[in-house]
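Notes follow once the structure below has been shown.
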Amino acid sequence: MNKVLTFALFCFALLSTTPLLAHTIFGTIKDEAGKPIPYATIYVEETGTGVTTNEEGYYRVVLGSGDYTLNFQHLGYEAQRQEISLGSTEKELNIVLKAQAFELKTVEVLGNADEDPAFTIMRKAIAKASYHRQQIESYKAQVYIKGAGRIKKIPFYLRGAMKKEGIDTSFAFVSESVSKVEYKRPNNFKETVISIYTEGDANSSSPNEYINGSFYEPTIAEAISPLSPKAFAYYRFELEGYFVDRDYGINQIKVIPRSRGENLFEGTIYIVEDWWSIHSLSLKTYKFGFTFNMEQVLSLIHI
């Protein structure tokens, strides 16, 4: 049975007190061809808050008067860092992101010449996973989720049984919700549902487990993380490329399951050189017959 599932996920903003004298920065984020970039992130360093662009690449940030540093980024594009001064009026700031240029990294082989250099990088990242997991004391975010899906292909032997059960395979379920998510170290998550709408049966396909999880944990939604201490028993890794983002070297590593099945990830993870932290990732996994695609882009903060 092939189930098609699409979820749009937006972490609107890390919640903070709205300034009494609030002003707005707004605009669009596009690529070099002028095409809007949906779901790009805008992170404000001074406040620790952020927003995402909508499907048309439009964003809006509300801040008080003052000087701010904004980071504009999306997976596959070079990040931009803009310093602005916000006065008593609205400010329009339109951003064009360039496609990320990758290069092959020159590596010095000191050990097993037959082993891909990605294994050394991942060993260092796995060793520091617990350290990075402890760097966040707490956070709050408002999350909007919209999903839809339907059964696309059904094995012949199941069609009759599903028809007898009254299951309409042509009907697509729809799910939409707004929630407030709170986290406190080490693993205390709280979700408050603000509003929810559902039509049809989503068959336990909610992505909430992935939202509340962390790839620095050994597992996320019961799937083995590429940064798990057991990762080498489940995955192979290949170094595919290298680029520099805001003075940090970033390693592009392909994640390959050693066997097909549920609760394993495949795709690409990007590891920051020397810090051995996650820069971003584009991974997918399978659960209950559904395919879950995940993209994360973490902010690099100059300190």
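The values are calculated or read from the model by the stated rules, or taken from the named source; none is laboratory data. None of the values given here were measured: they were computed from a predicted structure. Heads up, the Cβs are rebuilt from the backbone with ideal geometry, glycines too, and the neighbour counts pull from every protein chain shown.
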Of the residues in the range 36-64, those that are of a type in the set (Gly, Ala, Ser), in a strand (DSSP E or B) and surrounded by fewer than 20 Cβ atoms within 10 Å (Cβ to Cβ) come to Gly64
Checking the structure you have, find out if any residue of the range 17-26 is assigned to a strand (DSSP E or B), under 30 Å from Thr291 (Cβ atoms) and either at pLDDT 90 or above or of a type outside the set (Ser, Thr, Tyr) (or both). no
Subset tally (residues that are acidic (Asp, Glu) and within 17 Å of Asp116 (Cβ to Cβ)) for the range 249-278: 2
Report, ordered by the first and then the second residue, all pairs with beta carbons closer than 9 Å, sequence separation of six or more or different chains, a first member in the range 193-220 that is more than 30 Å from Ile126 (Cα to Cα) and surrounded by 15 or more Cβ atoms within 10 Å (Cβ to Cβ), and a second member that is of a type in the set (S, T, N, Q) and at pLDDT 70 or above. Ala202/Ser175
Take the residues in the range 57-75 that are at pLDDT below 90 and not polar (S, T, N, Q), then tell me which one is farthest from the chain's Cα centre (by Cα). Gly66
Pairs needed: first member in the range 269-285, closer than 14 Å to Ile256 by Cα and in contact (Cβ under 8 Å) with a residue 24 or more places away in the chain; second member anywhere, surrounded by fewer than 19 Cβ atoms within 10 Å (Cβ to Cβ) and of a type in the set (D, E, K, R); C-beta distance under 9 Å; at least 6 residues apart or different chains. Ile269/Lys254; Leu281/Glu295; Ser282/Glu295; Leu283/Glu266; Leu283/Glu295; Thr285/Glu262; Thr285/Glu266
Answer yes if at least one residue in the range 237-249 is farther than 24 Å from Gln100 by Cβ and out of contact with any His (no Cβ under 8 Å at 6 or more places or on another chain), and no otherwise. no
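Residues checked against (1) assigned to a strand (DSSP E or B); (2) at pLDDT 95 or above:
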| position | (1), (2) |
| --- | --- |
| Phe237 | yes, yes |
| Ile250 | yes, no |
| Val255 | yes, yes |
| Glu262 | no, no |
| Gly267 | yes, yes |
| Tyr286 | yes, no |
| Phe292 | yes, no |
Going residue by residue through the range 146-165, is there one that turns out to be modelled with pLDDT of 70 or more and surrounded by 12 or more Cβ atoms within 10 Å (Cβ to Cβ)? yes
Which condition from (1) farther than 17 Å from Glu295 by Cβ; (2) part of a loop (DSSP other than H, G, I, E, B) is the one that Tyr242 breaks? (2)
